[in-house]
Amino acid sequence: MGWTTPAFSHRQVNAAGRALIDPDSTYDEREHAITVINNWRSSHAFPLNTFQMYLRGKTKQVDRHGLVAQRIKRLSAIELKLRLIPDLRLAQMQDIGGCRAVVGSIKAVNQLHRLYEETQFKHELVHFDSYIQSPRDSGYRGIHLVYRYYSDKNRAHNDLKVEMQLRTRLQHAWATAVETVGTFKQQSLKSGLGDKEWLRFFALMGSVIALREGTSLVSDTPTDRNELVRELKEYVEGLDVIGHLGGYRLLLDSVPLGAFRGLSYFLLQLRPKEGRLLITPYQRRQSEEASRQYLEAERQARFDFAEERDAVLVSVDSMKALRAAYPNYFADTRRFVKEIMRAVESPYTHRTSTT
């Protein structure tokens, strides 16, 4: 299959990023910017595929039930990040291509990270963050590794960066619940923006899960377990958290996943107001067509303000993995709800082992 290669210089890519967020850009300037950005994004598909295949092999060594998935960063997410970090240039953005491994325990996350540390890897590690040792204020936890791609045979993609995320199933449940609520409420909760009460609830749940896994608490949350649970209960009841999450799941629970077996790429378009998820499947050889239609879906999402929608193009190895890797698009928050109920009904009678 043919892979997209960069067609524009870093200077042109950075100019496109500026035009994307410039309120004074003309329609033609924005359209040209989107064309440049889409080529830049699509060019990450080959190195991303390389990294996710390697990650898949390593993940199976530490957890045979581990899940690996990949995605190209959404146009709306690129735009938001450029607005939030004014000094960031688009060509510097490290997570245009991203893949993640979801494993069963902190022990497995640490083992997986150690495999990367011990392996002779020709690609360069350019950035590392452990949000498990030092959780974000939002409650987010996981390990991030950013690599710069290198090949002496495929030089066209050299120097492109890919971010890998390593997280436990509980951390994944937390992160996807944040995205689920943020998507339906049309707020970027994962970026720390939006309803302060929901943000506080997720910070508290971040500490609840940290206690379950024996890791560092989220800053500015109660260190006393009883106080943590007391405050958590207030938000669970006041926000009707269980009702919201259950309602989102039921809206999308009838998606006929069995009809799409044997395919490789899926364009997911979530329309929260309608409670609908549109899935367009593609074969592996249709990757360029998938990217083209993804861009068109993002154009509609960007300019059609009357109809709120969200879109992402994903690749996974099975339909079961698709639902598990992107539960926010299926509003499948059952694991997270279970953790909420466990916390408020029987606080911390036991922990998950970390050894």
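The values are calculated or read from the model by the stated rules, or taken from the named source; none is laboratory data. Here the structure is a predicted model, which means the values were calculated and not measured. Cβ coordinates were reconstructed from backbone atoms using ideal geometry, including for glycine residues, and neighbour counts include every protein chain displayed.
Remarks
- Segment 136-164, subset out of contact with any helix residue (DSSP H, G or I) (no Cβ under 7 Å at 6 or more places or on another chain) and either among the aromatic types (Phe, Trp, Tyr) or surrounded by 21 or more Cβ atoms within 10 Å (Cβ to Cβ) (or both), residue nearest to Met205 (Cα to Cα): Glu163
- Residue in segment 118-127 that is on the phi < 0 side of the Ramachandran plot, in contact with a Pro (Cβ under 6 Å, 6 or more places away or on another chain) and assigned to a loop (DSSP other than H, G, I, E, B) present: no
- Just so you know, in segment 281-307 the residues that are crowded, with 18+ Cβ neighbours inside 10 Å and more than 15 Å from Arg74 (Cβ to Cβ) include one that is modelled with the lowest pLDDT, and it is Ser287.
- Extreme residue, farthest from Val337 (Cα to Cα), among residues of segment 155-175 that are part of a strand (DSSP E or B) and not charged (D, E, K, R): Val162
- Inside segment 63-106, residues that are part of a loop (DSSP other than H, G, I, E, B) and farther than 23 Å from Trp174 by Cβ make up a count of 8.
- Taking the criterion of being within 15 Å of Leu313 (Cβ to Cβ), under 18 Å from the mean Cα position of the chain (by Cα) and part of a helix (DSSP H, G or I), the residues of segment 30-58 that qualify are Arg41, Ser42, Ala45, Leu48, Asn49, Gln52.
- Unique residue being over 18 Å from the mean Cα position of the chain (by Cα) and either buried (at least 17 other Cβ atoms within 10 Å of the Cβ) or closer than 24 Å to Gly192 by Cβ (or both) when the list is Gln61, Gln133: Gln133
- For segment 5-40, filtered to residues that are touching a His at 6+ places or on another chain (Cβ under 9 Å) and over 15 Å from Ile78 (Cβ atoms), the residue that is surrounded by the most Cβ atoms within 10 Å (Cβ to Cβ) is Pro6.
- All of (1) modelled with pLDDT of 95 or more; (2) surrounded by fewer than 23 Cβ atoms within 10 Å (Cβ to Cβ); (3) within 18 Å of the chain's Cα centre (by Cα) hold for Lys185 with one exception: (1).
- Contact map, segment 165-187: first residue farther than 22 Å from Gly97 by Cβ and without any contact (Cβ under 8 Å) to a residue 60 or more places away in the chain, second residue crowded, with 23+ Cβ neighbours inside 10 Å and of a type in the set (D, E, K, R), Cβ cut-off under 9 Å, separation 6 or more or different chains; the map is empty.
- Taking residues in segment 273-287 that are among the aromatic types (Phe, Trp, Tyr), and partners anywhere that are at pLDDT below 80 and surrounded by fewer than 18 Cβ atoms within 10 Å (Cβ to Cβ), the pairs with Cβ atoms closer than 7 Å and at least 6 places apart or on different chains are Tyr282/Leu263; Tyr282/Ser264.
- Single match in Glu197, Glu213, Glu179, Glu237 (criterion: acidic (Asp, Glu) and closer than 19 Å to Arg74 by Cβ): Glu179
- Cβ-Cβ distances below 8 Å connect the following pairs, each with a first residue in segment 219-244 that is on the phi > 0 side of the Ramachandran plot, a second residue that is surrounded by 16 or more Cβ atoms within 10 Å (Cβ to Cβ), and a separation of six or more residues or different chains: Asp220/Ala203.
- All positions within segment 20-75 that are in contact with a Gly (Cβ under 8 Å, 6 or more places away or on another chain), among the hydrophobic types (A, V, I, L, M, F, W, C) and either free of Cβ contacts under 8 Å to residues at least 40 places away in the same chain or more than 26 Å from Glu117 (Cα to Cα) (or both): Ala33, Ile37
- Among residues that are farther than 30 Å from Val36 by Cβ and among the small types (Gly, Ala, Ser), Gly97 is not included.
- Whichever residue in segment 179-195 is in a helix (DSSP H, G or I), in contact with a Gly (Cβ under 8 Å, 6 or more places away or on another chain) and not small (Gly, Ala, Ser) and, among such residues, is nearest to His123 (Cα to Cα): Lys190
- Count of segment 335-355 residues which are modelled with pLDDT under 90 and of a type in the set (Phe, Trp, Tyr): 1
- Top-ranked residue in segment 194-208 [being free of Cβ contacts under 8 Å to residues at least 24 places away in the same chain and on the phi < 0 side of the Ramachandran plot; ranked as surrounded by the fewest Cβ atoms within 10 Å (Cβ to Cβ)]: Lys196
- Cβ pairs under 6 Å, 6+ apart, first in segment 1-18 and within 15 Å of Leu82 (Cα to Cα), second surrounded by fewer than 17 Cβ atoms within 10 Å (Cβ to Cβ): Asn14/Arg89
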